[in-house]
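The values are calculated or read from the model by the stated rules, or taken from the named source; none is laboratory data. Being a predicted model, the structure only gives us computed values, none of them experimental. Because the Cβ atoms are built from the backbone with ideal geometry, glycine has one as well, and the counts that use them run over all protein chains shown.
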Amino acid sequence: MNQAHAKQRLWLKNPLAAFTANDLDAGGGVVISGGTIAEVVGTGKSPAVPCEEVFDAGRHVITPGLVNTHHHFYQTLTRAWAPVANAELFPWLKNLYPVWARLTPRDLELATTAALAELLLSGCTTAADHHYLFPGGLEEAIDIQVQVVRALGMRATLTRGSMSLGEDDGGLPPQSTVQDPEVILADSDRLVAAYHERGEDAVIQIALAPCSPFSVTRDLMAESAALAEKLDVRLHTHLAETLDEEDFCRGRFGLRTVDYLESVGWLTDRTWVGHGIHFDDAEITRLGAAGTGVAHCPTSNMRLASGTARILELEAAGVPVGLGVDGSASNDASNMIQEARQALYLQRLRYGAGVSVERALGWATRGSARVLGRDSLGEIAPGRQADLALFMLDELRFSGSHDPVAALLLCGADRADRVMVGGQWRVVDGQIPGLDLGTLIAEHSRAARRLVNGG
Ligand SMILES: [Zn+2]
C-alpha cells in the first residue's frame, strides 16, 4: 500500500534518522493521517494510537519536504547555453531575452514539468515560480503551470510576473517582451480569483511579481502592492541581486534598492525578494523590522558572480530566510537538496565553519515555508501538512559516513527515494509514478533546441 488514506493512520517507523526542523525528536518515526502529521514518535517509542499501516523507514533519513522559494521554470529550456555560460547578470539577460520571447505554450508546459519533476525528485514538495514572460499566444502561462502542478501532485506558489519597462523607456528588456500595466493587473486579478487557495492545505497559491527594478515601472510596482493588499496575496520581485541593479536604481530613481522598495509600498511582511545580496547594515535592520523575506539563491549568485548574501545578519535582524534554486539558466539545476549544500558552504565561506548542517536544512524547509507565508509546511510536527522527503544513503558517495543527517549535505545527496505530499506518495523508489521521464527528456530537449535556434 502506498497511500495514506483519509481515515487510516500510516506509521513511518523507526527511520535511520530524522531532521524535524524544530526541537521534536522523531527517532521513532512519524504518523500520517488524513493528509497531515498526526503524531511525532520519539526514539524507542510507539504511536499512541495503533496504525493500520506501517512503513519500515529503517534505511531512510526523513526530512520535511523541501520548499523552493525562487525559480523561473521556463529557463530549463536554456540551461548551459554557450553564449551566456560565462556572463554576469545584465549581459546574460540581454542575450537571453530575445530567445525567451519565442516561448510557446507547449514549451512552457514541458519546461514546467521538467523543473517540477527535477525538484520533486530532489525532495522538494512546494515550489515558487516567477514567470514574467507573456509573448503573444502565451497569455495563459500561469493557467498552464497550474495544470502541471496539479498533475504532479505538488504544491506551488505561482507568481504572476510582469515586465512593463522596455528599452525604449530606459529599461533592460526588449520592447517586445513588455506588457501594458492594465493587462498585467487585470490578469493578476483574474488568476487570484481563479486559483488562489487560502487554507493550510492549499495546493496552489498566486502571488504578484513585477520582475525587477530595471524591467518594471515605478507605477506598476505601486499598483501591484495595492492590488496584493486588496486581494490579500503575497508580493515577490528580484532585489539587490547585483551592483549593476543598485547603480540602475540610483540613476533612475535616485534611491538605493531598499529605499526604492519602501517608496513603492513594498517594505512589508507581504513581500519576499529574490537574492537580497547588496544590503548595508541599516537596510538589513529595516528589512527585519518590516518582516520582508529573502530567497537566498547561492548557486545562481556564484554562477553569475553576483555576490554573497549576508544571511546570518539578515536572520539576526528578523528577516525570514529561505532557499531558491533560481532559474535554470543561472544554476543550471533544479535540485533543492543540493541547493541546501551550496547554501551551507557559501555561508561558511562568509561566516565560518560554525554554520551548521541543521541550519542550512532549516533554511530549505521551515525558513522557506515562512518566506512563502506557509507556516503549515516545512517542519515535522503534529498538525503540519504531511509533506516529507525520505533519502537513502546506499550510494557510494555515502559509504563510510557516520551522521546520517550531516551526510545528506556533506556527502552531497542529490535525490530522494520517496517523497510524500499531503499524505500521498509522489515519489516511490526514486521514480515519479505516472511520469515517463524518457519521453519528457526527449520532448523537452527538442523544444529547447527549437527555442534557441529560432525555429
Ligand atoms: Zn530569478
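What residue, among those in the stretch 255-274 that are assigned to a strand (DSSP E or B) and of a type in the set (Val, Ile, Thr), is farthest from GLY373 (Cα to Cα)? Result: VAL273.
Considered as a group, the residues in the stretch 299-354 that are within 15 Å of the ligand (Cβ to nearest atom) and assigned to a helix (DSSP H, G or I) include one that is farthest from ALA289 (Cα to Cα), and that residue is ARG303. Of all the residues in the stretch 15-25, those that are surrounded by fewer than 19 Cβ atoms within 10 Å (Cβ to Cβ) and either basic (Lys, Arg) or in contact with a Ser or Thr (Cβ under 9 Å, 6 or more places away or on another chain) (or both) number 1.
Do we find that GLY28 is farther than 25 Å from ARG155 by Cα and either in contact with a Pro (Cβ under 8 Å, 6 or more places away or on another chain) or surrounded by fewer than 24 Cβ atoms within 10 Å (Cβ to Cβ) (or both) in this structure?
Considered against the rule, which asks whether it is farther than 25 Å from ARG155 by Cα and either in contact with a Pro (Cβ under 8 Å, 6 or more places away or on another chain) or surrounded by fewer than 24 Cβ atoms within 10 Å (Cβ to Cβ) (or both), GLY28 comes out as yes.
Of the strands (runs of 3 or more DSSP E) that lie entirely inside the stretch 42-128, those containing 1 or more residues that are more than 25 Å from GLY293 (Cα to Cα) span 53-56, 60-64. Among the numbered conditions (1) within 16 Å of the ligand (Cβ to nearest atom); (2) surrounded by 21 or more Cβ atoms within 10 Å (Cβ to Cβ); (3) not aromatic (Phe, Trp, Tyr), the only one that ASP244 does not meet is (2). Take ALA186 and tell me if it is within 30 Å of GLY430 (Cβ to Cβ) and either aliphatic (A, V, I, L, M) or touching a residue at least 12 places away in the same chain (Cβ under 8 Å) (or both). Criteria not met by ALA186.
Restricting THR76, THR43 to residues that are out of contact with any strand residue (DSSP E or B) (no Cβ under 9 Å at 6 or more places or on another chain), of a type in the set (S, T, N, Q) and surrounded by fewer than 21 Cβ atoms within 10 Å (Cβ to Cβ) narrows the list to THR43. Taking the conditions (1) modelled with pLDDT of 95 or more; (2) at negative phi; (3) surrounded by fewer than 24 Cβ atoms within 10 Å (Cβ to Cβ); (4) away from the ligand (no atom under 16 Å from the Cβ) in turn, HIS60 satisfies each one other than (3).
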